[in-house]
Amino acid sequence: MALRWTFLLLLTPLLAAQGQENPDPNISGEPQETGRCEVPSDWDPRLQFTPEQSSYALNDSVQLSCAGEYVPSVPHIRCVSRGMQTLWNGTATCKEVFQVVPGTLEISSTSIKLNWTCRLPDTCQHMRATCRLAGPSSPPCEAEEVEGEEMLHGQEGTFICPPLQPFTDYSVTISLPPSTILFEWLVRTEETVPDKPEKLWLDPNTGSLRWKALPPCKGEIIGYQLNITARSTRDGGLLQMERLRLSRSVTEHPLPGHGLGHSYTATVQGVTAVGAGAASLWEFQPDGLGTPHPAGISCRSVRDVSPSQGTAVLPLQPIARPPAEVREHQLIVAATHNGTLVEGACSGEPQPLNASRQPDTYVAAVLNLTAPTDFVLGAGTHGQGYRNAALRPGWDYTALLRLIQRSQEAEKFTCICYSFSLGK
C-alpha cells in the first residue's frame, strides 16, 4: 500500500461566512517606537500578510492568510497607536479547518473509510467528498471509474467510498466550491486473492504442465500453488500426490511419471500476500492428451479378513526401495470406499485415535519397511501417535500405506490403497 498525503487550503475569502472576529486591543504585538508596525518574528511562521511588506504604517489594515491546510484565527489585523507606541491590535495564529481524525483511516480491498471533523462549521457547509481513479487504467488490469461523491455537512462525520476494485490507486478529495481543496489523499486499496489462471494445459512436446501467468490485478503475484494427483493405470491402488509452491516466474512443471501409464488431475492457483485464489482444474491422460478420465481409485484387495476378530491381513511392500532416505511408512485407515475421501486421507492429517471416539480416519501404525511383510490390521497394538484398533464388523474400510517426502518447496505423498469390507 502506498500512501501519499497532500493538504492544500486556500480559505481566506471564505472566512467572511464565519464572521469578523474582532481582535482584542489589549493583546498586541511588540510595541514599536518608529511609528510603524513590523511583522512579528515570534508569531506563527505560517501566517501570510497581504499586502506583503516588512512593516506597516499607522492605521494600515492587513489581510491574513495561512499556508497549507490552515486558516488564520482572525481575518484582519490593524496597526494602531497606544500612547507613543504603535502596535498591532491583536495577535493571530493559524489553525486547521478540516481534519481527518487520526487512527480512523480504514482501507480494505473494496472500500476506503475515514472520519472527519470541521472546526468552522459555517465554512464547511458545502463540502464535497469524492473518490476517483487516481489515473487511467490499462490492460490487463482495467478498472472502472467509480461514482463516489457525497456532500458533507456539520462538524463531523464519516465518508465511505463506494465499492472499489482491489489493489487499485484511488484519489480521495474533499473540497469546497468552486475549487478549494481541503484534503487530498492518494491511496491504494488492499490486495485480495487472485483470479484463477485462465489456461492450464499439457505440453505434449515436453510432458510438462503449463499455465498462463496471472497479472497483478488483485495483488502482487508472489507464486503459484500447484497440486498434481497421479494414478497408475496399471496399478489402480498406487496414488501419488504433489503439493508444490512455485515462484511467480514459474509457469510450467513436469508431470511425475509422464508417459508411463498414469492419469492425472491437476490444479493451479495464483498466490498473493493474502493467500491462494480460485483453482484452475484440468484432468487428462498422457496416452490421450487432453482427454478427461473418470475419477476413481481401484484399490488392491485383501485376502485374509476376519470379522469375528476384527482383523485384516495386508500384504505390504515398501514404497521407497532401500537405500532411500525416507523409509518410515504410515498405515492410515479410513472407514470408507469413497475415492475422493481416500485422496483426502492420502494428503491429509489424520486425527489422533482415543478410547472415547474412533475417528473416520486414523493412523494405525508407523512402519520402517525395508522388505515385503504381512501386517495384521486391527491387532490392538499401539504406540506414540498411532493405535492399531480392532476393526468393526459390517464396516467398509480403505487402508493406505503412505510415504511422505517434504522439502522447502514441495510435499509429495505416495500411497498404496487396500480396500475391504468386514462382513458381519
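Please treat every number below as a calculation from the coordinates, not as lab data. From a predicted model like this one, the values you see are computed outputs, not experimental measurements. No Cβ is skipped: glycine too gets one built from the backbone with ideal geometry, and neighbour counts run over all protein chains shown.
If you stretched the chain out fully between F49 and E106, how much longer would it get, using 0.36 nm times the residue separation minus the C-alpha to C-alpha distance? All intermediate terms of the calculation are to be shown ahead of the outcome.
Numbers: separation 57, 0.36 × 57 = 20.52 nm, distance 3.83 nm.
Length gained between F49 and E106: 16.7 nm.
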If you average the alpha carbon positions of the range 404-422 and of the range 110-151, how far apart do those two centres end up, in angstrom? 53 Å
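First measure r as the distance between the Cβ atoms of D122 and Q99, then evaluate 1/(1 + (r/R0)^6) with R0 = 22 Å and state the FRET efficiency to the nearest 0.05.
Working: r = 16 Å, r/R0 = 0.75.
Step by step, r from the Cβ atoms, then E = 0.85.
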Counting just the Cα atoms, what span does the range 99-188 cover along each of its three principal axes? Round to the nearest Å and put the largest first. 46, 29, 16
Taking the Cα-to-Cβ direction at Q85 and at I181 and moving 7 Å from each Cα, how far apart do the two end points lie in nm? 4.4 nm
How large are Rg and Dmax for the range 300-421 when only the alpha carbon atoms are used, in Å? 13.9, 46
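Just subtract the alpha-carbon distance of K113 and I222 from 0.36 nm times their residue separation and send over the number in nm, one decimal.
Numbers: separation 109, 0.36 × 109 = 39.24 nm, distance 2.77 nm.
Here the segment from K113 to I222 would lengthen by 36.5 nm.
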Could you list C217, C415 in order of exposure, starting from the residue whose Cβ has the fewest other Cβ atoms within 10 Å? C217, C415
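Using 0.36 nm per residue, how much length does the chain from V39 to Q351 gain when fully extended, once their Cα-Cα distance is taken away?
Difference between extended and current length: 104.3 nm.
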What nm value, rounded to one decimal, do you get for the distance between I404 and A67 when each label is placed 7 Å out toward the C-beta? 6.4 nm
From the Cα gyration tensor of the range 200-284, with a ≥ b ≥ c the square roots of its eigenvalues, which class applies: rounded if a/c is under 1.5, or else prolate if a/b is larger than b/c, or else oblate? prolate
Between T370 and D60, the two model label points (7 Å from Cα along the beta-carbon direction) sit apart by a distance in nm of 10.3 nm
